[in-house]
Amino acid sequence: MEDNLKPCPFCGSKKLKLEKKRTVYKRHKAYTASVRCNCCHARGDTVINLTIPYAVKEDVEATARKRWNRRND
Ligand SMILES: [Zn+2]
């Protein structure tokens with residue numbers, strides 16, 4: 001399980017995974033991250049590095065974690 005993630009808001013599972021992907025967005029190489037529940041396959045917001053100025057991988061992953069946690073508040 002990933003650290004610092006709240007349980008799934010839908011099924012309460014703590015089997016969460018940070019999915020990271022390289023992709024192409026508007027012809028630019030891009031990097032995305034999103035948190036996914038292994039139990040019910042709920043997915044948090046997908047964060048793409050191109051929307052964060054000067055983002056590095058760690059920023060994208062941290063933002064994906066934050067958005068997942070915010071949904072649970
Ligand atoms: Zn779930």
Restricting segment 10-30 to residues that are part of a loop (DSSP other than H, G, I, E, B) and open to solvent by less than 100 Å² (accessible area, probe 1.4 Å), the residue that is farthest from the ligand (Cβ to nearest atom):
Gly12
Go through segment 36-72 residue by residue and tally those that are within 16 Å of the ligand (Cβ to nearest atom) and open to solvent by 70 Å² or more (accessible area, probe 1.4 Å).
7
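The values are calculated or read from the model by the stated rules, or taken from the named source; none is laboratory data. Quantities reported herein were computed from a predicted structural model and do not represent experimental measurements. Here the Cβ is made from the backbone with ideal geometry for all residues, glycine too, and neighbour counts use every protein chain on show. All accessible areas refer to the heavy atoms of the entire protein, side chains included, with ligands and DNA or RNA removed. Shrake-Rupley method; radii C 1.70, N 1.55, O 1.52, S 1.80 Å.
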